[in-house]
1. Using just the helices of the chain, give the 222 nm mean residue ellipticity in deg cm²/dmol: DSSP H runs with n ≥ 4 each add -39,500 (n - 2.57), and the total is spread over all residues, rounded to 500.
2. Given LYS116/LYS136; LYS136/LYS173; LYS110/LYS217; LYS116/LYS148; LYS120/LYS148; LYS54/LYS103, which pairs have Cα atoms separated by over 27 Å?
3. Send over the per residue convex hull volume for the range 97-170, Cα only, as a whole number of Å³.
4. Expected output is a single nm value to one decimal: the length gained when fully extending between ALA236 and LYS52, i.e. 0.36 nm times separation in residues minus the C-alpha distance. What is it?
5. Report, to two decimal places, the Cα Rg of the range 22-121 normalised by 2.2 N^0.38 Å (N = number of residues).
6. Looking at the range 203-241, which GluC sites (Glu not before Pro) are DSSP coil and have at most 15 other C-beta atoms within 10 Å of their C-beta?
7. For the range 130-241, what is the relative contact order in percent, using Cα pairs closer than 8 Å and at least 6 residues apart in sequence?
8. Hey, any idea what the orientation-averaged projected area of the convex hull of the range 154-241's Cα atoms comes to, in nm²?
Amino acid sequence: MRKNIAIFIGLGVLLFGCVGPDQDSESVHLIRVAQKARNSSNPEAALSFYKKAKELDPDNAQIYLGLGEVYVDMNLLDAAVEYLKMAEDRGASPSKISYLRGKIHLLSGKPGLAEKEFSKFENEDSLNALGAIYDKRNEREKAQRFYKRVIAKDPNYIDAYNNLGLSLLLERKYRDAIFYLESACTFPGANVNYRSNLALAYGLSGNMKKAREVYAKDFEDEALEERIANLEDIIAERQRQ
């Protein structure tokens with residue numbers, strides 16, 4: 001039996017600003033390299049760079065915040081909690097700490113506590129995360145309002161476009177879903193997950209030609225045909241519902 005194509009709903013990427021006046025310092029350079037490693041899905045390398053930065057600048061809250069985030073990515077939650085406390089003690093951004101603590105609660109199976117953390121601050125990451133929580137509860141309209149608030153605050157927040165499109169897709173509002181998923185795919189950070197969601201939307205809307213065109217940007221030959229076959233199975237199953 002073919003596996004269904006997964007829908008990618010993201011909670012967003014926590015972005016950091018620069019710290020300290022000396023932008024050319026060794027520790028700042030290591031922080032930047034660590035962030036790039038994390039964004040490239042290389043948490044081990046990110047940890048290594050952050051720890052080297054910590055040796056050079058042990059009081060830098062940015063470093064502890066970064067370590068906490070990487071440990072959240074790795075689902076090493078005890079370590080994440082420990083480093084977030086260290087970051088808090090050193091004056092790290094309360095909104096960023098709250099967002100990461102919310103993610104820890106989600107990973108721990110405590111969505112109610114996560115919702116409380118995400119509700120403390122009006123930043124894009126937390127608002128987007130709240131939208132994802134409400135989508136999981138099938139509270140579509142409420143979720144969509146949060147995604148739109150994110151877009152209003154930051155028109156370049158790719159995950160909000162993606163998540164809003166998928167929320168609309170689940171309601172079978174295909175035209176609107178495609179609009180937002182297309183928008184997500186125009187950003188430089190768009191990857192195969194975003195494009196696969198767009199292809200899914202085209203397929204469910206009945207436009208298999210466009211679905212194939214989108215899939216062909218990332219797959220070819222047997223892999224492409226497998227994607228199309230999976231999509232056809234999803235469409236047939238949905239028609240039986």
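Only the coordinates and a few stated rules stand behind these numbers; no lab work does. What you are looking at is a predicted structure, and each value in this text was computed from that prediction instead of being measured. Don't worry about glycine lacking a Cβ; one is built from the backbone with ideal geometry, like all the others, and counts go over all protein chains shown.
1. Rounded to the nearest 500, the figure is -22000 deg cm²/dmol.
2. LYS110/LYS217
3. Once divided by residue count, the hull of the range 97-170 is 78 Å³.
4. Contour length minus the Cα-Cα distance gives 60.9 nm.
5. In units of the 2.2 N^0.38 Å rule of thumb, it is 1.06.
6. Those that pass, being in a loop and sparsely packed, are GLU220.
7. Reported relative contact order: 15 percent.
8. Across all orientations, the range 154-241 yields a mean hull projection of 5.4 nm².
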